[in-house]
Structure formats: C-alpha cells, structure tokens
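The next block holds one structure in the form of structure tokens; read it before the comments.
The values are calculated or read from the model by the stated rules, or taken from the named source; none is laboratory data. Everything quoted here is computed from the prediction, not taken from an experiment. Cβ atoms come from the backbone with ideal geometry, glycine included; neighbour counts cover every protein chain shown. When the accessible area is computed, the model is the full protein with side chains, heavy atoms only, and any ligands, DNA or RNA have been set aside. Shrake-Rupley method; radii C 1.70, N 1.55, O 1.52, S 1.80 Å.
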Amino acid sequence: MTDTTDISHIRNLLTQVQDPEVPVLTIADLGILRNVEFVDGVYEIQITPTFTGCPAMKAIEENISEVLVANGIQNYKVRMVMSPAWTTDWISELGREKLRKYGIAPPSQSTEEHLKAILTGKNKSVACPFCGSVNTRLTSAFGSTACKALHYCDHCRQPFEEFKCH
C-alpha cells in the first residue's frame, strides 16, 4: 500500500515532462496529465491526448517512462484516457502565459464560448502574442500541428500561431 506522499512525489516528477510539439509546455500545463493512482501495486499514470490520434502521445509516454525510471520508479503503467475528451479549458493559466511568451496565442475563449461562436458566427478576435493587438486575421485553419492555426497581425505585421480552442 502507498500513501498520498508517493503519489504527490510522482505527480511532481511528471511536471517535468514537456510536450514534444510545444516544448515550453509540460503535460501538466496542458492538462493532459489526468491522474496518478496506485492500483494493485502499480502506479497508474493517466493521460489524455489533445486530439484523437495525436502523434505526440507516444513520445510523451516514452518521456514519462524516462522520468520515472531515472527516479527509481519501476512499478508503473501509462494509460490513455479518452473520456472525457481533452479541452483547451484544461490548459493552466501558467501554460497560457508560457504560450504567449513563446509566441503562440493561447485559446481566445472557453470551449463553451467557442461552441456558441460557431453557432452564431461571432468568433472572438485572437490577440497577437507579440503586441497584444486584436487586429489579427486567420490565414490558415491549419498550423504546424493539428492543434494550432495560423494568423497574421495587421498591427505589428507578425505571423503567429494560435492554440486552437476545442
């Protein structure tokens, strides 16, 4: 049997695991680290992909394993949890600030607001992570990864990516 100190220690170790596609973020910042439990003598690490079929999940599992093994933890398994589906609402405030400083606009609205905007056709403007202007425009719904879109700021004339809301 284990106590909450062990689980807290493991959770703390896992906050070191970076997202391979946006290395300024950790899996905790993104909210894809769902839970750590001790079940039948094994630490179960539960993670959720940002998108079904996200290619980064295999690398994230490997990085989790590296951190745990490097810290002497052998009795673990990583389990993919698909429900409830991940939402950008799970990105921490620290994660949103890290995205801005990295030059990626964080999601501009909550998932609920985004769904309403889709139904009404009234999308919220995306603020430029470089100058803060909302005088921006979408140039492509597809960025360097499935979770990002490309924008252009007409104020500072910088292209930038936005972490898409969903």
Kindly provide the set of residues from the stretch 35-52 that are within 15 Å of Ile91 (Cβ to Cβ) and crowded, with 17+ Cβ neighbours inside 10 Å, ordered by number.
Ile47, Thr48, Pro49, Thr50
Looking only at the stretch 104-133, which residues are surrounded by 13 or more Cβ atoms within 10 Å (Cβ to Cβ) and of a type in the set (Val, Ile, Thr)?
Ile104, Thr111, Val126
The stretch 153-166 residues that are farther than 14 Å from Ala105 by Cα, paired with ones that are among the β-branched types (Val, Ile, Thr) and part of a strand (DSSP E or B) (beta carbon under 8 Å, 6 or more apart)
Asp154/Thr136; His155/Thr136
Of the conditions (1) surrounded by 17 or more Cβ atoms within 10 Å (Cβ to Cβ); (2) touching a residue at least 60 places away in the same chain (Cβ under 8 Å); (3) over 18 Å from Met82 (Cβ atoms); (4) within 13 Å of the chain's Cα centre (by Cα), the single one that Val17 does not satisfy is (2)
Which residues, counting only those in the stretch 140-153, are open to solvent by 50 Å² or more (accessible area, probe 1.4 Å) and assigned to a loop (DSSP other than H, G, I, E, B)?
Phe142, Ser144, Ala146
Of the numbered conditions (1) of a type outside the set (Phe, Trp, Tyr); (2) open to solvent by 70 Å² or more (accessible area, probe 1.4 Å); (3) at pLDDT 95 or above; (4) in contact with a helix residue (DSSP H, G or I) (Cβ under 9 Å, 6 or more places away or on another chain), Ile10 satisfies every one except a single condition; which is it?
(2)
